[in-house]
Amino acid sequence: MALNTSHAPAIAAPGAASSVTGAQVATALREAGIAALLTLGLSIPILAFKTEQNQSNALYLQPRWGVVAVVCGLIFLVRFAVCLRAMRRAAAPARLKAPASPFVQKLFGIAVPLFLGVALTYPLLASLATGGLAGARYWIDLGILILTYVMLGWGLNIVVGLAGLLDLGYVAFYAVGAYSYALLSTTFGWSFWLCLPLAGILAAFWGIILGFPVLRLRGDYLAIVTLAFGEIIRLVLINWVELTNGGAGISSIPRVTFFGVPFDSSENGFASLFGISYSPMHRMVFLYYLILVLALVTNVVTIRLRRLPVGRAWEALREDEIACRSLGINTRNTKLTAFAIGAMFGGFAGSFFAVRQGFVSPESFNFLESAIILSIVVLGGMGSQVGVAVAAIIMVGAPELLRNLGFLKQVFGADFDPNEYRLLIFGLAMVAMMVWRPRGLVGHREPSMVLTERKAISGSLVKEGHG
Amino acid sequence: MRWQEDPILEVQHLKMRFGGLVAVNDLSFSVGRGDITALIGPNGAGKTTVFNCITGFYRPSEGMLSLRHADGTTYLLERLPGHAISWKAKVARTFQNIRLFTGMTVLENLLVARHNPLMIASGFTLLGLFGLPSFREAERQAVEQAKFWLEKINLIDRADDPAGDLPYGAQRRLEIARAMCTDPILLCLDEPAAGLNPRESHELNELLLSIRRDHGTSILLIEHDMSVVMGISDHVVVLDYGTKIADGTPEEVRNDPSVIAAYLGVEDEELDKVEAEVGL
């Protein structure tokens with residue numbers, strides 16, 4: 001019956017397509033009723049009774065039928081809505097989904113300059129909005145955090161998005177970069193600008209060290225070995241106490257200087273050099289622009305690499321490794337360059353992290369970090385630069401928003417802390433993404449070379465890579 | 001017989017063993033320079049295994065595969081690493097189940113085939129990163145070559161479409177064009193006419209003949225479509241159960257009783273007679 005009603009209007013005229021017949025409503029109501037009954041049954045052991053203690057410390061059951069009724073009602077409504085929606089969709093004439101409509105493409109054209117403009121003027125905007133540079137401290141700090149993840153996302157995007165090598169241990173290179181700067185600057189007193197390239201080179205070196213043994217592995221096996229590599233680096237940092245000071249971490253790492261000019265209130269400081277009054281925010285703003293430049297360099301280099309033979313070989317490797325070999329591509333070297341260049345940007349970001357915090361400890365480089373960076377890449381749409389940036393803003397910025405939802409306390413009571421629901425919301429958002437946009441926010445691929453007309457390539461044709 | 005006088009590829013005593021299974025057993029044949037050579041045989045005869053040995057996907061258990069360039073340089077294919085077979089020895093191949101980069105455009109597919117020359121022109125990425133003119137020029141030439149092949153296979157209008165969107169016959173042609181973009185001297189085609197309709201397989205014949213004529217590329221192909229095999233090949237090698245049962249011009253092979261027996265089987269009463277003829 002349900003089958004008939006849902007298919008009949010598809011043959012009818014398009015005008016009638018969006019309306020839903022009474023029989024369909026009845027079906028939806030029945031479905032919703034069944035779902036509500038099921039919820040009722042399930043909630044009896046889980047929800048309906050709560051164990052409480054009375055004055056004599058004896059347990060008793062407190063019935064909570066009100067909660068059960070609310071939950072069943074909600075389920076009923078949701079199921080009803082979902083059923084109706086599905087029927088309407090089945091009834092509507094099949095719409096051909098273009099890979100990217102002109103509107104979306106226009107949006108893309110605006111998005112990039114808009115993002116860039118906002119990113120460049122962000123400290124100004126933040127201080128205007130909060131009424132002063134000092135008041136914008138929190139917002140600029142958040143901006144720095146987001147940009148760090150944007151950069152990490154772009155770095156990992158080379159390995160996962162372009163070359164299709166699933167790397168679950170990217171944080172290891174972040175750690176190598178951070179510890180490189182921390183150790184080199186505290187031991188030899190080298191400046192940040194000397195340590196930054198060294199940190200990148202060292203991270204790239206470790207990328208190759210990791211790359212060599214795992215080259216033969218594909219898919220799940222590669223993911224597990226990279227995961228293990230990330231853990232090994234973290235455990236070495238904890239246990240090699242003579243070098244890394246173990247779990248206590250390395251503190252008093254030299255702060256960033258304005259190309260040699262320190263950000264302090266002394267006579268040679270940044271403020272007196274430029275004849276402005278000293279503010280600790282100067283360093284923050286400088287850090288903000290530093291990470292912005294680093295992130296943009298990552299982006300520009302990635303965009304250029306994509307158009308070079310090596311970038312095209314990475315993408316070809318993701319599409320079909322056997323065909324690559326038959327075309328004379330040295331797959332081993334190509335994979336190694338992807339690992340090394342991705343790791344290098346992780347190393348840059350790591351040394352920025354160290355100079356910003358002034359303190360590094362192995363705790364900052366746990367698996368959760370790798371997972372967040374990987375989610376940024378997957379959420380953004382593998383291989384898409386804009387998507388990764390948007391995903392980083394959502395993944396890092398949105399949890400921070402939760403801290404500021406004070407009004408919810410009025411609704412749910414004083415001891416309600418929205419921050420506690422962070423991972424729950426995160427999980428729900430991930431599930432929702434996988435249902436509606438399984439290829440990420442930007443699901444299509446831009447060709448690297450065009451003969452006559454630029455056409456976006458539908459994500460359904462692009463492979464994710466398997467090792 | 002050109003394949004005896006001037007062979008481009010000599011397969012000598014090739015043996016490929018997978019555990020206990022001997023897929024190819026003591027196979028020797030030659031491929032003539034400038035010839036179109038067909039490797040035929042019933043399903044499971046070991047044709048694709050021979051291809052995989054020649055193109056470096058399998059390492060032969062025994063035997064020698066020597067490829068001789070026109071200038072006399074000789075490569076022992078069984079000793080080269082997989083990617084060097086295309087880059088150094090100039091042997092290109094296509095696959096039985098098409099292996100295009102489906103998420104990349106038709107043009108990009110052809111440019112990937114120019115990976116090694118472009119890699120050198122881009123100074124192994126370093127010079128290319130700064131967009132030096134020498135790299136731009138090399139890139140322009142690669143695009144020109146791609147355009148030449150796209151015009152030849154009638155896909156110039158679809159250059160910016162993803163390869164995965166092309167119809168099956170066009171994908172087959174594109175795979176051949178992609179292999180040709182590596183400038184091979186020997187092109188190995190694994191069932192190029194599989195799944196093509198008669199008109200398409202006629203076009204394929206024309207394409208293969210023009211590749212041989214205009215580019216001097218020798219062709220070795222596996223094929224079941226006899227109109228292709230008998231129509232264009234100069235030399236046919238027949239495999240059955242991993243051994244060679246016939247080797248000669250299409251006419252010779254067509255009338256060879258052991259080939260007929262391998263393909264069609266024999267009547268019970270004729271069995272003794274045919275076996276005597278074949279020498280079993």
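Do you know which residues across the stretch B:222-248 are among the hydroxyl-bearing types (Ser, Thr, Tyr) and buried (at least 21 other Cβ atoms within 10 Å of the Cβ)?
Correct list: B:SER233 only.
When residues of the stretch A:86-125 are filtered for being among the small types (Gly, Ala, Ser), modelled with pLDDT of 80 or more and either more than 19 Å from A:ALA392 (Cα to Cα) or outside any helix (DSSP H, G or I) (or both), how many remain? Walk me through it before giving the result.
Within the stretch A:86-125, the first condition is being among the small types (Gly, Ala, Ser), and the residues that meet it are A:86, A:90-92, A:94, A:98, A:100-101, A:109, A:111, A:117, A:119.
In the following step, the residues that additionally are modelled with pLDDT of 80 or more were identified as A:86, A:117, A:119.
Filter again for either more than 19 Å from A:ALA392 (Cα to Cα) or outside any helix (DSSP H, G or I) (or both), leaving A:86.
The number of residues fulfilling the criteria is 1.
Mind counting the residues in the stretch A:114-159 that are out of contact with any Gly (no Cβ under 8 Å at 6 or more places or on another chain) and within 30 Å of A:ASP320 (Cα to Cα)?
Matching residues across the stretch A:114-159 total 4.
Can you tell which of B:ALA142, B:ALA113, B:ALA121, B:ALA170 is closer than 30 Å to B:THR49 by Cβ, in contact with a helix residue (DSSP H, G or I) (Cβ under 8 Å, 6 or more places away or on another chain), more than 7 Å from every other protein chain (Cβ to nearest Cβ) and of a type in the set (A, V, I, L, M, F, W, C)?
Details: B:ALA142 fails: closer than 30 Å to B:THR49 by Cβ; B:ALA113 fails: more than 7 Å from every other protein chain (Cβ to nearest Cβ); B:ALA121 fails: closer than 30 Å to B:THR49 by Cβ.
Criteria check complete, one pass: B:ALA170.
Counting only residues that are within 22 Å of the chain's Cα centre (by Cα) and crowded, with 21+ Cβ neighbours inside 10 Å, which one in the stretch B:154-163 is nearest to B:GLU200 (Cα to Cα)?
Filtering the stretch B:154-163 for residues that are within 22 Å of the chain's Cα centre (by Cα) and crowded, with 21+ Cβ neighbours inside 10 Å, the one nearest to B:GLU200 (Cα to Cα) comes out as B:LEU155.
Taking the condition in contact with a helix residue (DSSP H, G or I) (Cβ under 9 Å, 6 or more places away or on another chain), assigned by TED's automatic domain parsing to the domain that holds A:ARG356 and at pLDDT 80 or above, does A:ARG137 pass?
In short, yes.
Can you name the residue in the stretch B:50-76 that is in contact (Cβ under 8 Å) with a residue 60 or more places away in the chain and either outside any strand (DSSP E or B) or within 8 Å of chain A (Cβ to nearest Cβ) (or both) and is also surrounded by the most Cβ atoms within 10 Å (Cβ to Cβ) among such residues?
It comes out as B:VAL50.
Within the stretch A:11-34, restricting attention to residues that are surrounded by fewer than 15 Cβ atoms within 10 Å (Cβ to Cβ) and among the polar types (S, T, N, Q), which residue is modelled with the highest pLDDT?
Ranking the candidates gives A:SER19 first.
From the list B:GLY32, B:GLY20, exactly one residue is in contact with a Phe, Trp or Tyr (Cβ under 6 Å, 6 or more places away or on another chain) and either more than 14 Å from every other protein chain (Cβ to nearest Cβ) or under 18 Å from B:LEU187 (Cα atoms) (or both). Which is it?
B:GLY32
Name the residue that is surrounded by the most Cβ atoms within 10 Å (Cβ to Cβ), counting only residues in the stretch A:313-338 that are without any contact (Cβ under 8 Å) to a residue 12 or more places away in the chain and more than 7 Å from chain B (Cβ to nearest Cβ).
Per the criteria, the residue is A:CYS324.
Just to be sure I understand, how many residues within the stretch A:182-202 are β-branched (Val, Ile, Thr) and at positive phi?
0
Identify the residue in the stretch B:145-167 that is more than 9 Å from chain A (Cβ to nearest Cβ) and in a helix (DSSP H, G or I) and, among all such residues, is nearest to A:PRO447 (Cα to Cα).
Selected residue: B:ARG158.
For B:ALA179, indicate whether it is in contact with a strand residue (DSSP E or B) (Cβ under 7 Å, 6 or more places away or on another chain), within 14 Å of chain A (Cβ to nearest Cβ) and in a helix (DSSP H, G or I).
Yes.
Please list, ordered by first then second residue, the pairs with beta carbon atoms under 8 Å, 6 or more apart or interchain, first in the stretch A:114-129 and in contact (Cβ under 8 Å) with a residue 24 or more places away in the chain, second β-branched (Val, Ile, Thr).
A:PHE115/A:VAL386; A:TYR122/A:ILE140; A:PRO123/A:ILE140; A:PRO123/A:VAL285
Mind checking whether some residue in the stretch A:397-411 is modelled with pLDDT of 90 or more and either more than 21 Å from the chain's Cα centre (by Cα) or among the small types (Gly, Ala, Ser) (or both)?
So the first thing to find is which residues in the stretch A:397-411 are modelled with pLDDT of 90 or more, and the list is none.
No, the conditions are met nowhere in the stretch A:397-411.
Conditions first: (1) away from chain B (no Cβ under 14 Å); (2) surrounded by 15 or more Cβ atoms within 10 Å (Cβ to Cβ); (3) without any contact (Cβ under 8 Å) to a residue 12 or more places away in the chain. A:LEU441 passes all but one, so which condition is the exception?
(3)
Has the stretch B:14-26 got at least one residue that is free of Cβ contacts under 8 Å to residues at least 24 places away in the same chain and of a type in the set (A, V, I, L, M, F, W, C)?
yes
If we scan the stretch B:172-191, do we find a residue that is under 30 Å from B:ALA45 (Cβ atoms) and surrounded by fewer than 18 Cβ atoms within 10 Å (Cβ to Cβ)?
No, that holds for no residue.
Within the bounds of the stretch B:95-105, is there any residue that is touching a residue at least 40 places away in the same chain (Cβ under 8 Å), more than 7 Å from chain A (Cβ to nearest Cβ) and in contact with a Cys (Cβ under 9 Å, 6 or more places away or on another chain)?
Taking every residue of the stretch B:95-105 in turn, none turns out to be touching a residue at least 40 places away in the same chain (Cβ under 8 Å), more than 7 Å from chain A (Cβ to nearest Cβ) and in contact with a Cys (Cβ under 9 Å, 6 or more places away or on another chain).
If a residue has to be in contact with a Pro (Cβ under 7 Å, 6 or more places away or on another chain) and not in a helix (DSSP H, G or I) to count, how many in the stretch B:77-100 make the cut?
Residues in the stretch B:77-100 being in contact with a Pro (Cβ under 7 Å, 6 or more places away or on another chain) and not in a helix (DSSP H, G or I): 4 in total.
Could you tell me which residue of the stretch B:37-49 is nearest to the other protein chains (Cβ to nearest Cβ), considering only residues that are part of a loop (DSSP other than H, G, I, E, B) and within 19 Å of B:GLY20 (Cβ to Cβ)?
First, the residues of the stretch B:37-49 that are part of a loop (DSSP other than H, G, I, E, B): B:41-46.
This time we only want the ones that are within 19 Å of B:GLY20 (Cβ to Cβ), so: B:44-46.
Details: B:GLY44: 21, B:ALA45: 22, B:GLY46: 19 Å.
Step by step, filter the stretch B:37-49, then rank; the result is B:GLY46.
Out of the residues in the stretch A:236-270 that are surrounded by 17 or more Cβ atoms within 10 Å (Cβ to Cβ) and small (Gly, Ala, Ser), which is modelled with the highest pLDDT?
Of everything passing the filter in the stretch A:236-270, A:GLY249 is modelled with the highest pLDDT.
Could you figure out which of (1) crowded, with 24+ Cβ neighbours inside 10 Å; (2) in a strand (DSSP E or B) isn't true of B:GLY103?
Only one criterion in (1) crowded, with 24+ Cβ neighbours inside 10 Å; (2) in a strand (DSSP E or B) is unmet by B:GLY103, namely (2).
Taking only the stretch B:77-91 into account, find how many residues are within 7 Å of chain A (Cβ to nearest Cβ) and not polar (S, T, N, Q).
So the count comes out to 3.
Test A:ILE341 against the criterion of being of a type in the set (A, V, I, L, M), in contact (Cβ under 8 Å) with a residue 24 or more places away in the chain and closer than 20 Å to A:LEU145 by Cβ, and give yes or no.
No, not satisfied.
Within the stretch B:58-78, identify whether any single residue is in contact with a Cys (Cβ under 7 Å, 6 or more places away or on another chain), of a type in the set (A, V, I, L, M, F, W, C) and not assigned by TED's automatic domain parsing to the domain that holds B:GLY169, and answer yes or no.
Yes - at least one qualifying residue is present in the stretch B:58-78.
Just to confirm my filter: which helices (runs of 4 or more DSSP H) fall fully inside the stretch A:214-310 and include at least 2 residues that are free of Cβ contacts under 8 Å to residues at least 12 places away in the same chain and under 27 Å from A:LEU184 (Cβ atoms)?
Because the criterion is at least 2 residues that are free of Cβ contacts under 8 Å to residues at least 12 places away in the same chain and under 27 Å from A:LEU184 (Cβ atoms), the helices (runs of 4 or more DSSP H) in the stretch A:214-310 that meet it are A:220-239, A:241-244, A:281-307.
The values are calculated or read from the model by the stated rules, or taken from the named source; none is laboratory data. Everything quoted here is computed from the prediction, not taken from an experiment. Don't worry about glycine lacking a Cβ; one is built from the backbone with ideal geometry, like all the others, and counts go over all protein chains shown.
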